[in-house]
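Just below is one structure, and these are the notes that go with it.
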Amino acid sequence: MKNISKILLVTISCFFTINIEAQNPIIKDIFTADPAPLVHKGILYLYAGHDVATQEDTNYKMADWHVFSTTNMKDWKDHGALLSPSTFSWATGDAYAAQCVERDGKFYWFVSTFHKKDEVSQGGAAIGVAVSDSPTGPFKDAIGKALIINEMTTDMKYGWDDIDPTVFVDDDGQAYMFWGNGSCKWVKLKKNMIELDGDITTFKPKNYIEGPWVYKRKGLYYLVYASEGTKPEMIEYCTAKNITGPWNYQGIIQENVQNSFTTHPGIIDYKGKSYFFYHNGSLPTGGSYRRSICVDYMHYNKDGTIQKIIQTEEGVSRIK
């Protein structure tokens, strides 16, 4: 009987140890999606969508965008819902994928939501930009109108293709925005970050669906995106020697995620390591409309290609 008790005690202890050490998902008190990391003054900020759909809902309900921060990759502070579609007088609908970037001491939060039917647009997905002097706000509509409306892009014959902006400022100071569902679109931004600088270019990388993430590493440009996969989505990527292409397809780096049709990449280097953020539906009562952000390590080969992402419950180690 004593031996059985010892076995039970060891089993229970192991169970609690596993649960204490399991980091993913990194945010457990609300449902979060579409991660977008930013490093500023030694702090990693994470901009995220907020799923509020019930278990019975059969579509997305995304109320607002939250900001979280960490300095050790284990403890995450929630700075609250710092932006919502109601921030934009022209907007209606949900808070889809977004990314915040810093330039010249200001923080520009590019968001996707929907446009009201009015004299400017007949509705459909649109991209706006909010601005703040701080990574945690307060944020306000930077221009009082949408930066991109559905009428500006006509290659996809539906109203939800202008979503999921990612913004990158190159070494020469030129800023670019990539976005799109069904096709990938890009345009230059003026130095003020709130005006387009030229025509919109549309193209379709292999298996592209949505959720692009653009960055540069060691002189090579990366375009990482949610792909057709096996229906649910996977994450695939291309590389280029020039931000304007041509883009060379490199393959799948993340397989399907647990209990979610979608996945979404957010990639950052922080304190000497590379991190890959994504979402799945692994929290209790979670699912495709009640998602949760996770993070795992990202590794590169010597030629710059990306190794397959290993999805874990443990997540990443604490750092100083």
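Summary table
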| item | result |
| --- | --- |
| Chain lengthening between His299 and Arg103 when straightened (0.36 nm per residue, less Cα-Cα) | 67.8 nm |
| ³J(HN,Hα) computed for each position of the stretch 158-172 - Karplus, 6.51 cos²θ - 1.76 cosθ + 1.60, integer Hz, glycine/proline x | 8, x, 10, 7, 8, 10, 6, x, 10, 10, 9, 9, 6, 4, 8 |
| Solvent exposure of the chain as accessible area per residue, Å², 1.4 Å probe | 46 |
| FRET efficiency for Leu196 and Glu314, using Cβ-Cβ distance with R0 set to 41 Å, rounded to 0.05 | 0.45 |
| Calculated from backbone phi, Karplus (6.51, -1.76, 1.60) coupling profile of the stretch 134-139 in Hz, x at Gly/Pro | 9, x, 10, x, x, 9 |
| Gained length - Asp118 relative to Lys241, 0.36 nm times residue gap less alpha-carbon distance | 40.1 nm |
| Point-to-point label distance, Ala22-Ala81, nm (Cα→Cβ direction, 7 Å offset) | 2.8 |
| Between 0 and 90°, nearest 10: helix 2-21 axis offset from the chain longest Cα axis | 20 |
| Ile200 long-range amide H proximity, modeled H, under 5 Å | none |
| Correct choice for P(r) over Cα pairs in 20 Å bins from 0, in percent that was computed from the model, options (i) 23, 47, 26, 3, 0; (ii) 25, 44, 30, 1; (iii) 33, 58, 8, 2 | (iii) |
| At R0 = 51 Å, FRET efficiency that the Cβ-Cβ distance of Asn259 and Asp155 yields, to 0.05 | 0.95 |
| Estimated inter-spin distance, Asp57 and Thr71, nm [label 7 Å along Cα→Cβ] | 3.5 |
| Whole-Å distance, taken between Cα centres, linking the stretch 80-100 and the stretch 118-194 | 12 |
| In sequence order, calculated HN-Hα J values of the stretch 224-231 (Karplus, 6.51, -1.76, 1.60; Hz; x Gly/Pro) | 10, 7, 6, 10, 4, x, 10, 6 |
| Stretch gain in nm, segment Thr230-Asn248, where the contour uses 0.36 nm per residue and the Cα spacing is subtracted | 4.4 nm |
| Solvent-accessible area, 1.4 Å probe, carbon plus sulfur percent, for the stretch 119-258 | 49 |
| For Arg217, residues with placed amide H under 5 Å, excluding near neighbours | Tyr222 |
| 5 angstrom amide H check on His40, placed H, neighbours 5+ away | Tyr45 |
| The chain: calculated mean residue ellipticity at 222 nm from DSSP helix runs of at least 4, using -39500 (n - 2.57) | -2000 deg cm²/dmol |
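The values are calculated or read from the model by the stated rules, or taken from the named source; none is laboratory data. Everything numeric here is computed off the predicted structure, so don't read it as measured data. Note that each Cβ is placed from the backbone with ideal geometry, even for glycine, and that neighbours are counted across all protein chains shown. SASA here: full protein model, heavy atoms, side chains in, ligands and nucleic acids out. Shrake-Rupley method; radii C 1.70, N 1.55, O 1.52, S 1.80 Å.
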